[in-house]
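To start, the structure under review is shown below, and the notes come after it.
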There are 2 protein chains.
Amino acid sequence: MTTILSIPQGTRDFGPEVVRKRNYIISTIRKTFELYGFQPLETPAMENTSTLLGKYGDEGDKLIFKILNNGEDIFGHAQMAKNAHELGLLLCEKALKYDLTIPFARYVVMNKGKLIFPFKRYQIQPVWRGDKPQKGRYREFCQCDADIVGSNSLINEVELLKIYDTVLTELGIQGFQLKINNRKVLTGLAELVGRPDLMIDITIAIDKLDKIGEDGVRKELAERGLLPQEIDKVIAFIGISGSNDEKLQQLSALLAQSEAGQRGLEELRFVLNSGLSSFNTPPVLDLTLARGLNYYTGMIVEVKAPDSVKIGSIGGGGRYDDLTGLFGLPGTSGVGISFGVDRIYDVLEALQLFPAAAEQGTRVIFFHPGGARLAEVFGYLQAVRANGVPAELFPDDIKQDKQYKYAEKRGVPYIAYVEDPAADTVYVKHMQNKQRYTLTPQELASFEFA
Amino acid sequence: MTTILSIPQGTRDFGPEVVRKRNYIISTIRKTFELYGFQPLETPAMENTSTLLGKYGDEGDKLIFKILNNGEDIFGHAQMAKNAHELGLLLCEKALKYDLTIPFARYVVMNKGKLIFPFKRYQIQPVWRGDKPQKGRYREFCQCDADIVGSNSLINEVELLKIYDTVLTELGIQGFQLKINNRKVLTGLAELVGRPDLMIDITIAIDKLDKIGEDGVRKELAERGLLPQEIDKVIAFIGISGSNDEKLQQLSALLAQSEAGQRGLEELRFVLNSGLSSFNTPPVLDLTLARGLNYYTGMIVEVKAPDSVKIGSIGGGGRYDDLTGLFGLPGTSGVGISFGVDRIYDVLEALQLFPAAAEQGTRVIFFHPGGARLAEVFGYLQAVRANGVPAELFPDDIKQDKQYKYAEKRGVPYIAYVEDPAADTVYVKHMQNKQRYTLTPQELASFEFA
């Protein structure tokens with residue numbers, strides 16, 4: 001049998017080294033979420049198909065992985081379908097979750113009687129999307145979200161920005177950018193331009209400034225129905241420069257007539273200037289930041305990786321005033337952020353920021369002594385483990401030079417072995433600097449395999 | 001809109017308290033796996049359908065969740081199917097993993113050139129099965145496996161038994177049973193009975209002794225084609241009693257003519273009597289233990305929960321000589337164990353063994369002071385967090401008695417607040433014993449919220 005084995009396109013096996021590095025990122029994020037009082041939640045991989053459909057736009061719907069119903073009924077059902085779309089609905093009651101936000105909203109609504117609001121939850125789980133796989137884009141990937149629902153306070157916005165700052169600083173990433181904006185300010189822009197009806201079109205166009213440049217944005221705005229003088233106003237708006245304060249001042253004059261715009265500016269002022277928190281990397285007001293998701297209604301945030309690594313966004317989020325309204329619970333405001341673990345992994349790898357400890361597993365391998373001293377060596381092994389040191393005994397009775405090669409290939413820092421006739425003596429050797437320690441069993445038990 | 005929301009049958013949401021308790025179990029297991037030198041592996045939720053089908057028997061195949069292919073092709077494909085089975089194959093290239101063992105075997109074969117053998121890996125991930133949901137049986141559940149492949153040494157068996165002993169002792173479970181047997185001894189039994197052709201039938205029948213009693217086993221053996229005198233021999237065999245040593249002695253005489261039986265006994269003697277390891281709860285030889293999975297070839301093990309909780313098996317495993325042969329890499333022996341996290345959860349819950357620390361989240365909630373002192377309180381909050389204490393600030397400016405009620409409902413151990421006009425003073429109150437501490441900001445920063 002010579003099958004060519006593979007795993008599904010866009011999915012990955014994570015070997016030991018990669019799992020350890022990923023866990024280093026995830027546990028740094030989790031620790032910070034916990035420190036900020038967020039509580040863990042886990043939802044199933046599968047949701048009812050009806051829970052997910054219609055929440056991510058038509059394109060999103062197509063990317064949801066549906067799960068075939070079990071049982072014989074499916075054959076009969078398949079005959080009734082008139083097209084691929086109907087077929088999916090008839091055959092698949094369940095689907096894999098596409099993000100953590102919709103399942104969270106579903107959870108909040110299902111448990112509204114039991115939850116204590118404001119409810120602060122974090123969730124670190126894989127999600128699945130049928131996107132075309134490409135560099136940095138996978139069909140199974142991990143999301144790390146923190147959200148607060150049931151509180152309108154802007155303190156929440158500050159706390160979430162502070163979490164980004166804390167986590168990324170702790171991971172040693174320098175030069176990242178914490179960009180914020182406010183959807184109400186963008187509403188103000190649409191009013192200023194005189195085209196409140198085209199607010200979404202305007203935000204979609206200016207969001208692309210990075211990629212397509214000013215001329216590109218002008219072209220796109222024209223295609224989306226803006227007149228030349230309207231376009232000029234948009235371009236003038238996104239051209240506003242200076243410090244956060246300078247920008248806020250110019251905006252204040254520009255949006256004087258827009259109620260939404262004024263409220264947006266007030267929110268931005270609180271978040272940027274309340275003095276609630278000191279940042280290692282302070283947030284920067286970026287008027288071109290729009291974020292595609294239309295459920296955002298207040299502050300929006302996006303974290304950009306350091307320019308040197310060309311990885312783009314490593315996180316984002318914002319305030320949404322009515323997410324749970326999708327499931328029949330209107331008027332519950334929320335605000336949340338997300339970390340892109342895969343992208344952060346790539347940043348740490350590119351900048352060589354993973355600490356050696358993140359890759360650490362077994363510290364010492366004991367050689368199989370052969371014959372009579374096995375129980376003695378096993379005792380040493382257990383003593384070392386009792387001291388909290390991950391340790392192994394090579395399980396097979398083969399020549400010591402082969403065992404040495406194994407330890408070398410494994411990259412463990414130390415080996416340990418006994419030699420006849422030295423009873424009650426254990427030799428420990430550092431694999432890199434070749435230093436050898438001659439230890440009594442007592443010394444071994446407390447030896448630091450550093 | 002008044003949708004009745006639900007999640008798929010047999011799946012669960014895990015709220016904060018449950019996630020914390022589950023993580024307590026999982027991190028105890030993970031820590032021990034690491035201490036014993038096992039390395040983490042993660043495989044995708046999805047495997048190619050062809051990787052999974054045919055590995056779990058006909059019944060298993062039916063329980064595999066298949067994932068509908070994306071794209072329009074499915075409609076055309078659906079027309080070609082003649083029955084539900086064909087439909088599933090035509091429409092679903094991918095399926096959710098059913099256990100961790102087959103994906104592990106697939107991984108080992110795919111990476112055989114890169115892996116260093118013996119390869120010791122652990123894997124803690126959810127798996128999915130379309131079983132009929134019932135108490136203690138879910139369609140999505142977590143498996144925790146540790147396996148060693150590429151070593152025939154019985155030291156591995158001893159290490160794995162020791163892991164069970166260590167983890168369950170650390171979790172505080174008393175009165176569990178670590179049952180072992182050896183498939184070669186069961187082969188010996190089939191030879192002794194004179195029906196080596198019915199070895200599987202015999203093992204399936206005796207495995208049920210617990211549930212159906214001796215009469216039931218006799219009946220089942222008869223139905224499976226054994227003659228009365230053959231059945232008597234089986235019953236005599238499983239009736240062998242006494243200490244491990246006494247059982248081994250009787251077996252030694254009984255299986256004197258069976259080469260397989262003798263080898264099985266030798267293996268059992270090493271595992272039970274090598275003196276390699278001391279156990280808190282030593283393994284017990286149970287001749288009725290058979291384990292259904294036919295890929296086992298040597299030692300088999302099953303962990304039974306304490307009788308008082310009536311939960312049954314909380315883990316199991318064994319040696320398999322040719323698992324990777326399924327994927328074209330024959331002759332790679334392995335041995336592994338699995339922990340049933342959901343069952344262990346139920347045991348700890350029933351015996352009230354979860355430590356208070358396992359449920360711990362936020363230690364202190366700061367009250368929103370209203371108005372001018374917000375930045376000051378925010379500073380205190382950050383100082384407490386800098387000391388590693390999970391802490392929150394109530395985000396909304398509402399009456400303090402409402403904030404108090406919130407803290408009460410949340411069950412946090414401490415609250416903290418400021419009072420006018422006492423500048424530079426923070427009050428901390430223990431919610432249960434009502435003790436109040438008057439602290440300077442410096443004292444607060446190092447206060448132990450124990």
Just a yes or no: is a residue in the stretch B:166-173 surrounded by 17 or more Cβ atoms within 10 Å (Cβ to Cβ), acidic (Asp, Glu), modelled with pLDDT of 95 or more and touching a helix residue (DSSP H, G or I) at 6+ places or on another chain (Cβ under 6 Å)? no
Could you list all residues from the stretch B:328-359 that are small (Gly, Ala, Ser), part of a helix (DSSP H, G or I) and either closer than 27 Å to B:Met110 by Cα or open to solvent by 30 Å² or more (accessible area, probe 1.4 Å) (or both)? B:Ala350, B:Ala356, B:Ala357
Might you let me know whether the stretch B:133-154 holds any residue that is part of a loop (DSSP other than H, G, I, E, B), open to solvent by 10 Å² or more (accessible area, probe 1.4 Å), out of contact with any Asp or Glu (no Cβ under 8 Å at 6 or more places or on another chain) and closer than 30 Å to A:Met46 by Cβ? yes
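Would you call B:Glu157 among the acidic types (Asp, Glu), open to solvent by 10 Å² or more (accessible area, probe 1.4 Å) and either at the interface with chain A (Cβ under 10 Å from one of its Cβ atoms) or part of a helix (DSSP H, G or I) (or both)? So that I can check it myself, show each step before the final result.
Values: among the acidic types (Asp, Glu): yes; open to solvent by 10 Å² or more (accessible area, probe 1.4 Å): no; either at the interface with chain A (Cβ under 10 Å from one of its Cβ atoms) or part of a helix (DSSP H, G or I) (or both): yes.
So B:Glu157 fails the test.
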Within the stretch A:12-40, residues over 28 Å from A:Phe117 (Cβ atoms), facing chain B (nearest Cβ under 7 Å) and touching a Phe, Trp or Tyr at 6+ places or on another chain (Cβ under 7 Å) come out as A:Arg12, A:Asp13
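Condition test on A:Leu439, is it more than 29 Å from B:Lys114 (Cβ to Cβ) and surrounded by 15 or more Cβ atoms within 10 Å (Cβ to Cβ)? Talk me through it step by step, then tell me what you get.
Values: more than 29 Å from B:Lys114 (Cβ to Cβ): yes; surrounded by 15 or more Cβ atoms within 10 Å (Cβ to Cβ): yes.
So A:Leu439 fits the description; yes.
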Exception for A:Leu96 within (1) surrounded by fewer than 20 Cβ atoms within 10 Å (Cβ to Cβ); (2) under 30 Å from B:Glu59 (Cβ atoms) falls at (1)
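Out of the residues in the stretch B:370-429 that are among the acidic types (Asp, Glu) and touching a Leu at 6+ places or on another chain (Cβ under 9 Å), which is farthest from B:Ala445 (Cα to Cα)? Give the steps one after another, and end with the answer.
Taking the stretch B:370-429 as the starting set, the residues that turn out to be among the acidic types (Asp, Glu) are B:376, B:392, B:396-397, B:401, B:408, B:419-420, B:424.
Then drop every residue that is not touching a Leu at 6+ places or on another chain (Cβ under 9 Å), which leaves B:392, B:397.
On the way: B:Glu392: 14, B:Asp397: 24 Å.
Selected residue: B:Asp397.
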Check off (1) under 30 Å from B:Ile344 (Cα atoms); (2) crowded, with 22+ Cβ neighbours inside 10 Å; (3) in contact (Cβ under 8 Å) with a residue 40 or more places away in the chain for B:Pro16 and give me the number that stays unchecked. (2)
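Can you tell which of A:Ala253, A:Ala222, A:Ala260, A:Ala236 is small (Gly, Ala, Ser) and open to solvent by 70 Å² or more (accessible area, probe 1.4 Å)? Explain how you work it out, then say what you get.
Details: A:Ala222 fails: open to solvent by 70 Å² or more (accessible area, probe 1.4 Å); A:Ala260 fails: open to solvent by 70 Å² or more (accessible area, probe 1.4 Å); A:Ala236 fails: open to solvent by 70 Å² or more (accessible area, probe 1.4 Å).
On inspection, the qualifying residue turns out to be A:Ala253.
Checking the conditions here, which among B:Val271, B:Val284 is under 29 Å from the mean Cα position of the chain (by Cα) and buried (at least 20 other Cβ atoms within 10 Å of the Cβ)?
On the way: B:Val284 fails: buried (at least 20 other Cβ atoms within 10 Å of the Cβ).
Within the list B:Val271, B:Val284, the selection yields B:Val271.
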Would you mind stating whether A:Gln177 is away from chain B (no Cβ under 14 Å) and free of Cβ contacts under 8 Å to residues at least 60 places away in the same chain? no
Positions within the stretch A:36-84 being touching a residue at least 40 places away in the same chain (Cβ under 8 Å), over 24 Å from B:Met46 (Cβ atoms) and open to solvent by 10 Å² or more (accessible area, probe 1.4 Å), in sequence order: A:Gln39
Please determine whether any residue of the stretch A:163-179 is closer than 30 Å to A:Lys62 by Cβ, among the charged types (D, E, K, R) and out of contact with any Asp or Glu (no Cβ under 7 Å at 6 or more places or on another chain). no
Turns out the strands (runs of 3 or more DSSP E) fully within the stretch B:368-450 with at least 1 residues that are farther than 26 Å from B:Pro16 by Cα and at pLDDT below 95 are none
With criteria (1) at the interface with chain B (Cβ under 9 Å from one of its Cβ atoms); (2) of a type in the set (Val, Ile, Thr); (3) closer than 25 Å to A:Ser27 by Cβ, A:Thr101 comes up short on (1)
For a quick check of your reading of the model, give me the residue pairs whose first member lies in the stretch A:413-431 and is free of Cβ contacts under 8 Å to residues at least 24 places away in the same chain, whose second is assigned to a strand (DSSP E or B) and of a type in the set (S, T, N, Q), with beta-carbon atoms closer than 7 Å and at least 6 apart or on different chains. A:Thr425/A:Thr438; A:Tyr427/A:Thr438
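Can B:Gly331 be described as under 30 Å from B:Pro103 (Cα atoms), out of contact with any Cys (no Cβ under 8 Å at 6 or more places or on another chain), modelled with pLDDT under 95 and not aromatic (Phe, Trp, Tyr)?
Numbers: under 30 Å from B:Pro103 (Cα atoms): yes; out of contact with any Cys (no Cβ under 8 Å at 6 or more places or on another chain): yes; modelled with pLDDT under 95: yes; not aromatic (Phe, Trp, Tyr): yes.
Yes; evaluated as a whole, the condition is true for this residue.
Touching an Asp or Glu at 6+ places or on another chain (Cβ under 7 Å) and either within 12 Å of chain B (Cβ to nearest Cβ) or closer than 26 Å to A:Glu140 by Cα (or both): does that describe A:Ile365? Lay out the reasoning, then the answer.
Values: touching an Asp or Glu at 6+ places or on another chain (Cβ under 7 Å): yes; either within 12 Å of chain B (Cβ to nearest Cβ) or closer than 26 Å to A:Glu140 by Cα (or both): yes.
Yes, satisfied.
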Filter result for B:Lys162 (open to solvent by 20 Å² or more (accessible area, probe 1.4 Å) and either more than 14 Å from chain A (Cβ to nearest Cβ) or under 14 Å from the mean Cα position of the chain (by Cα) (or both)): no
For B:Ala383, which of the numbered conditions (1) open to solvent by 20 Å² or more (accessible area, probe 1.4 Å); (2) free of Cβ contacts under 8 Å to residues at least 60 places away in the same chain; (3) of a type outside the set (Lys, Arg) fails to hold? (2)
Residues of the stretch B:51-110 classified as touching a Phe, Trp or Tyr at 6+ places or on another chain (Cβ under 9 Å), basic (Lys, Arg) and farther than 26 Å from B:Gly315 by Cβ, total: 2
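From the list A:Gln400, A:Gln360, A:Gln382, A:Gln352, which one is more than 30 Å from A:Gln174 (Cα to Cα) and more than 9 Å from chain B (Cβ to nearest Cβ)? Before you say what the answer is, go through the steps one by one.
Working: A:Gln360 fails: more than 30 Å from A:Gln174 (Cα to Cα); A:Gln382 fails: more than 9 Å from chain B (Cβ to nearest Cβ); A:Gln352 fails: more than 30 Å from A:Gln174 (Cα to Cα).
None of the other options fit; the residue is A:Gln400.
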Kindly indicate whether B:Ala260 is at pLDDT 95 or above and either assigned to a helix (DSSP H, G or I) or polar (S, T, N, Q) (or both). yes
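The values are calculated or read from the model by the stated rules, or taken from the named source; none is laboratory data. Please read these numbers as outputs of a predicted model, since none were measured by experiment. Heads up, the Cβs are rebuilt from the backbone with ideal geometry, glycines too, and the neighbour counts pull from every protein chain shown. These area figures cover heavy atoms from the full protein model, side chains too; ligands, DNA and RNA do not enter into them. Shrake-Rupley method; radii C 1.70, N 1.55, O 1.52, S 1.80 Å.
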